[in-house]
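Colleague: Sharing a structure with you now.
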Amino acid sequence: MSSIVLFGPPGAGKGTQAARIMEATGLPQVSTGDMLRAAVNANTLTGIEAKGYMDAGKLVPDEVIINLIKDRILEDDAVNGVMFDGFPRTIPQAEALSQITAVSHVIAIEVPDSKIVDRICGRYSCGGCGLVYHDTFNPVAASGCDCGNWQEKRRADDNAATVQSRLDTYHLQTSPLAQWYKEKGILHSIDGDRAIDQITGDILVALE
Ligand code: ADP
Ligand code: ADP
Ligand code: ZN
């Protein structure tokens, strides 16, 4: 078995789809954004270094990210591969990844910039289980999250000002990776501007 990469701009729906694909593939989700936020909350050296970049909507240096991934891939649950969410985000990260583990599929979730601000500014998640919700597009049930431990969480960087710099960063540093993976013959482009279930269906077909 090998690993899968979920690729796309901030707010494309990578985390939303990862939770669903995890059930189908059994591969654990590895989100560098979640790992960095955990490091920031725990006040580790990595977290202290990363925080300023994250608040500004800039990329954390490649070396920091690659070290996180090298450690993560050694954990027991990663033996059959993982599902990367938000990694790699630069060509050097992708080159490093190719030395760390094999990638069989890159799923590019495409969403136009004009839809991204509304998606990000309405995003919240369940602090109990991590499921991602949206104020209008995917609200949590009135009774709270199914996990039974509902706590509303919003990200500090999910504001209109930071979204624009995250989008700029994406176009400048991350989007060239699509062509890079296309040349390797493993890129699958999916229209992410549709209902969540339809997108999941297409991703599962691409993974078959
Ligand atoms: P990413 O992990 O790529 O940043 P998320 O999965 O966190 O993206 O989704 C960003 C926001 O958009 C969330 O609030 C989520 O509920 C919402 N969302 C995800 N997929 C869709 C979709 N297909 N249509 C509308 N909103 C969506
Ligand atoms: P989103 O998908 O909504 O943009 P993430 O949770 O993936 O958000 O990332 C949040 C922030 O964490 C990014 O804006 C960036 O500062 C940092 N980050 C996450 N993953 C990486 C990565 N692979 N390389 C560099 N920085 C990263
Ligand atoms: Zn929950």
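The values are calculated or read from the model by the stated rules, or taken from the named source; none is laboratory data. Since we're looking at a predicted model, the values are computed, not measured. Cβ atoms come from the backbone with ideal geometry, glycine included; neighbour counts cover every protein chain shown. Ligands, DNA and RNA are excluded from the accessible area calculation, which covers all protein heavy atoms including side chains. Shrake-Rupley method; radii C 1.70, N 1.55, O 1.52, S 1.80 Å.
Colleague: Only residues that are within 16 Å of ligand 2 (Cβ to nearest atom), more than 13 Å from Gly11 (Cβ to Cβ) and in a loop (DSSP other than H, G, I, E, B): list them for region 118-134, please.
Modeller: Residues satisfying the conditions are Gly127, Gly130, Leu131.
Colleague: Now a separate question. Identify all residues within region 91-116 that are crowded, with 16+ Cβ neighbours inside 10 Å and assigned to a strand (DSSP E or B); write none if there are none. Before the answer, list the steps.
Modeller: First pass over region 91-116, keeping only residues crowded, with 16+ Cβ neighbours inside 10 Å: 93-94, 96-97, 103, 105-109, 111, 116.
Val103, His105, Val106, Ile107, Ala108, Ile109 - these are the residues of region 91-116 that are crowded, with 16+ Cβ neighbours inside 10 Å and assigned to a strand (DSSP E or B).
So that you can scan it fast, the table gives a plain yes or no per residue for (1) within 14 Å of ligand 1 (Cβ to nearest atom); (2) under 22 Å from Tyr53 (Cα atoms); (3) open to solvent by 50 Å² or more (accessible area, probe 1.4 Å):
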residue: Asp118; (1), (2), (3): yes, no, yes
residue: Tyr124; (1), (2), (3): yes, yes, no
residue: Gly127; (1), (2), (3): no, no, no
residue: Asp135; (1), (2), (3): yes, no, yes
residue: Gly144; (1), (2), (3): no, no, no
residue: Gln151; (1), (2), (3): no, no, yes
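Colleague: Return the residue satisfying two criteria in turn: it lies in region 153-188 and is touching a strand residue (DSSP E or B) at 6+ places or on another chain (Cβ under 6 Å) and under 16 Å from Ile120 (Cβ atoms), and of such residues it is farthest from ligand 1 (Cβ to nearest atom). If you could, list the steps in order and put the result at the bottom.
Modeller: As a first pass, look at region 153-188 and keep what is touching a strand residue (DSSP E or B) at 6+ places or on another chain (Cβ under 6 Å): 153-154, 158, 178, 181, 186-188.
Within this subset, residues satisfying the condition of being under 16 Å from Ile120 (Cβ atoms) are 153-154, 158.
Numbers: Lys153: 12, Arg154: 10, Asp158: 9 Å.
Ranking the qualifying residues of region 153-188, first place goes to Lys153.
Colleague: From Gly13, Gly33, Gly8, which residue is within 16 Å of ligand 1 (Cβ to nearest atom) and farther than 24 Å from Ala206 by Cα?
Modeller: Working: Gly13 fails: farther than 24 Å from Ala206 by Cα; Gly8 fails: farther than 24 Å from Ala206 by Cα.
Just one listed residue meets the conditions, Gly33.
Colleague: Being closer than 23 Å to Ala178 by Cβ and open to solvent by 50 Å² or more (accessible area, probe 1.4 Å) is the filter here, so list the residues in region 66-90 that pass it.
Modeller: Within region 66-90, just Arg89 meets the criteria.
Colleague: Confirm whether Leu204 is of a type in the set (A, V, I, L, M, F, W, C), open to solvent by 30 Å² or more (accessible area, probe 1.4 Å), out of contact with any His (no Cβ under 8 Å at 6 or more places or on another chain) and within 15 Å of Gly8 (Cβ to Cβ).
Modeller: On the way: of a type in the set (A, V, I, L, M, F, W, C): yes; open to solvent by 30 Å² or more (accessible area, probe 1.4 Å): yes; out of contact with any His (no Cβ under 8 Å at 6 or more places or on another chain): yes; within 15 Å of Gly8 (Cβ to Cβ): no.
It is false that Leu204 is of a type in the set (A, V, I, L, M, F, W, C), open to solvent by 30 Å² or more (accessible area, probe 1.4 Å), out of contact with any His (no Cβ under 8 Å at 6 or more places or on another chain) and within 15 Å of Gly8 (Cβ to Cβ).
Colleague: Continuing with this model, one more query. For region 153-184, give me each residue that is part of a loop (DSSP other than H, G, I, E, B) and open to solvent by 60 Å² or more (accessible area, probe 1.4 Å).
Modeller: First pass over region 153-184, keeping only residues part of a loop (DSSP other than H, G, I, E, B): 154-159, 175, 184.
If the condition is that a residue be part of a loop (DSSP other than H, G, I, E, B) and open to solvent by 60 Å² or more (accessible area, probe 1.4 Å), then Arg154, Arg155, Ala156, Lys184 are the ones that fit.
Listed here are the residues, each with its yes/no results for (1) in a helix (DSSP H, G or I); (2) more than 10 Å from ligand 2 (Cβ to nearest atom).
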| site | (1), (2) |
| --- | --- |
| Gly52 | yes, no |
| Ile66 | yes, no |
| Asp71 | yes, yes |
| Leu74 | no, yes |
| Asp77 | yes, yes |
| Arg89 | no, no |
